[in-house]
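Written out below as structure tokens is the structure these notes cover.
The values are calculated or read from the model by the stated rules, or taken from the named source; none is laboratory data. In this text the structure is predicted, and so the values were computed from the model without any measurement. Don't worry about glycine lacking a Cβ; one is built from the backbone with ideal geometry, like all the others, and counts go over all protein chains shown.
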């Protein structure tokens, strides 16, 4: 079927069987391999994308469900000449190790800060509790999200 | 970010971080390609049995199936394995665990692949299996490998020092206990995968998520009978590994598939369930301990019997056990020891390398024994550890003289001085209703490097590129631990170039040089030492060649600076681009080898270990944990954690902390929730819904203290820090639980159910 949606800010048309998973469409058809798959069952959060600004798991979404939606992947979080503040913070605060959970983590953190611009560390941990990381122990990820929120507070 | 010189000792951000946060980094799993073929494996699903029939006809008839291969189609020895070649690529006559591969399918797309796999008709005549070490050791036990001369015993070994167990007789106090630790899964987020294709000249290229690309080449060559020069292995950054990608996973299967794909790219990507079923695991171990001490708390004698369940194939089972045995006495002076180990084949999933390689298991046992001893003596558990802590010059529990940095006492002292320890009694009183608080301590260590018998070597290569940039060719994978960034820092430190002018090549068997596996806390130590030598040689060359251009009659006036060499006396300088243009290609490349030093003591014990015993270098840590136990549910809540770590000098405080925090998180999972549950060799929890790894809410804020020490043999004084943190959480939390509730646990993980049951039993006993 033909599916129209907005992908990282651009109007997009996709011709795909309606039951293909969104994660496969993004990775294979659009080459957006920043969206990772770690479990295929909605447990690890590696495939998190934004659907109309809300964090969603692309391994549990079918191609047909993309119709009419605004989809943002990790590749659309930054614009061409400037990284998203969360991405800068993840680099500076050492929140990246193997980096495989990182795209999903940053996408989830983006949604978290959209919902709650002034989160406590406990709020951040709750907000990211759907994203598994096997390398970091989460502390530096929490640091990075907290630092981003604080910087945003200072500039606004 | 403004350019900076990445230097030693600074919290330099990771070289790979920018590509990873934007999603641009290409892991092996991110390689696809036009006209892609998907390959997959039909697994046995039976733990032990004879293959009667693998009927591929129906699968082959399915439209979109390119090939269905079985054991008969494997051209070489069809045997893989790092030390013992006992594992078939595709099982022929027999299956030895549920995850054995019995057929390999190549298909046009994933849906067809799944359909074809289900259409393969496999008949396996079940054989009686062995699923526990005790079953496997019975004289009449069914044999996992009929041809193995020691039956189901992969390796039996003994380490003895001093008078051995005989010294237990004269001890004032004798304690005895048996401990059990379960199978743990690495649970890296990027599952096993790769992509392979055959080039027109017949060469097969494999891009794979691997910890050992050069060894993979040997494994594939041996198993598939391909000449080494027909193979090219490329190892991008890994999405986690922790030991689980050290050894063949998809490698031989994919190259075999590529030989049948007519030059098309073939991709194999295990899903999470397959990763659980077919991937490697941490060994379950049963540990019998008898510890003897003087009445003043001085340790005197230890006798251990350790039983490692290595599953269906050897992998590194014998070496894992060797390291566990070497650490069985803890970081303590014990003059008389006898440590016996049995590494046993069963029909369980394959156990192999995992962070804290055999050591995470024994750490639980020896630290529980220390707590029991402290309780018996009425001594402060931290004081007891300090009293017995190894110091440089001591002989350790296996008889090796510690000639190198030995900081466990300093780690314990640092923990002792911290408020979490000093103020623990007040803190413990603050538990609310139906809750109890406890504080635990653990002293742990972890060896570095391969140990005697296997040269721990790296070949570093660094180049001044024609563009005047510095390119480091790393032959050792970065699975997330950050060694690649340390290499950039070493190059930056010695060659004084900005981070934007330093490039890194990840392992590639034709561009980089063999530098061993990414394992054993060795990568930065071994490759880093080699790279220092290579970079120093390059610096000498660059200033020496610049002297000719700058008409300097002495090198003393010349300094290598960002992008140029300058004569400080005359003020004249030459850009590196011009220097590169002048130099011949072979003159722009420096290669250097480093070989890790080894123990010099001639030990008359542990002769059964061909490789991997003993070790010269250890990193040390003291861990403190504060927990709260829910008396109604038994659930343990980890409230605070402190690690004081001695791993030599710190090259990068940020990556050092990452290793400490990350290892502790895995250790907390190992302590509280992670257990691969087996029924007759079948994993009953092969997913993240039932196998619970810690999330962001399960890990407390972790305080990481650096205990300074200088390791003269290390690059800039460092030792590896990748593993030691894994070994502390389980014993520390078990100690804290005993402190909180008086429950002495001998079996992990410390799940709410187990804790609650133990508390109920405690109430029943008067």
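Numbers below:
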{"read-out": "Residue that is farthest from the chain's Cα centre (by Cα) [pool: residues in the stretch A:61-79 that are within 11 Å of another protein chain (Cβ to nearest Cβ) and either within 30 Å of residue B:653 (Cβ to Cβ) or assigned to a loop (DSSP other than H, G, I, E, B) (or both)]", "value": "A:78"}
{"read-out": "Matching option when the condition is at pLDDT below 95 and within 35 Å of the chain's Cα centre (by Cα), among B:589, B:625, B:598, B:610", "value": "B:610"}
{"read-out": "Neighbours by Cβ (under 8 Å, 6+ apart or cross-chain): first from the stretch A:52-76, farther than 15 Å from residue A:25 by Cβ; second modelled with pLDDT under 95 and part of a helix (DSSP H, G or I)", "value": "none"}
{"read-out": "Residue within the stretch B:237-260 that is surrounded by 24 or more Cβ atoms within 10 Å (Cβ to Cβ), part of a strand (DSSP E or B) and more than 14 Å from chain A (Cβ to nearest Cβ) present", "value": "no"}
{"read-out": "Those residues of the stretch B:293-306 which are at negative phi and surrounded by fewer than 24 Cβ atoms within 10 Å (Cβ to Cβ), in sequence order", "value": "B:294, B:295, B:296, B:298, B:300, B:303, B:305"}
{"read-out": "Conditions (1) within 30 Å of residue B:215 (Cβ to Cβ); (2) touching a strand residue (DSSP E or B) at 6+ places or on another chain (Cβ under 9 Å); number of the one not met by residue B:519", "value": "(2)"}
{"read-out": "Residue list for the stretch A:129-156, restricted to those being touching a residue at least 40 places away in the same chain (Cβ under 8 Å), closer than 16 Å to residue B:480 by Cβ and part of a helix (DSSP H, G or I)", "value": "A:140, A:141"}
{"read-out": "In the stretch B:5-42, the residues that are away from every other protein chain (no Cβ under 12 Å) and touching a helix residue (DSSP H, G or I) at 6+ places or on another chain (Cβ under 6 Å)", "value": "B:5, B:6, B:7, B:8, B:39, B:40, B:42"}
{"read-out": "Breaking point among (1) at pLDDT 95 or above; (2) in contact with a strand residue (DSSP E or B) (Cβ under 8 Å, 6 or more places away or on another chain), for residue B:92", "value": "(1)"}
{"read-out": "Test: residue in the stretch B:168-185 that is within 14 Å of another protein chain (Cβ to nearest Cβ) and touching a strand residue (DSSP E or B) at 6+ places or on another chain (Cβ under 9 Å)", "value": "yes"}
{"read-out": "Residues that are facing chain B (nearest Cβ under 7 Å), touching a helix residue (DSSP H, G or I) at 6+ places or on another chain (Cβ under 7 Å) and within 21 Å of residue A:115 (Cβ to Cβ), drawn from the stretch A:125-137", "value": "A:125, A:128"}
{"read-out": "So residue A:48, is it free of Cβ contacts under 8 Å to residues at least 12 places away in the same chain, assigned by TED's automatic domain parsing to the domain that holds residue A:19, closer than 21 Å to residue B:191 by Cα and touching a helix residue (DSSP H, G or I) at 6+ places or on another chain (Cβ under 9 Å)", "value": "no"}
{"read-out": "Those residues of the stretch A:37-53 which are more than 10 Å from chain B (Cβ to nearest Cβ) and under 9 Å from the mean Cα position of the chain (by Cα), in sequence order", "value": "A:47, A:48, A:49, A:50"}
{"read-out": "Test: residue in the stretch B:97-105 that is within 30 Å of residue B:472 (Cβ to Cβ), away from chain A (no Cβ under 14 Å) and more than 28 Å from the chain's Cα centre (by Cα)", "value": "no"}
{"read-out": "Elements of type helices (runs of 4 or more DSSP H) in the stretch B:419-538, at least 3 residues being at pLDDT 95 or above and under 19 Å from the mean Cα position of the chain (by Cα)", "value": "B:483-495"}
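Results for (1) at pLDDT 95 or above; (2) in a helix (DSSP H, G or I); (3) away from every other protein chain (no Cβ under 14 Å); (4) under 21 Å from the mean Cα position of the chain (by Cα), shown as yes or no for each residue.
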site	(1), (2), (3), (4)
B:661	yes, yes, no, yes
B:669	yes, yes, no, yes
B:676	yes, no, yes, yes
B:749	yes, no, yes, yes
B:756	yes, yes, yes, no
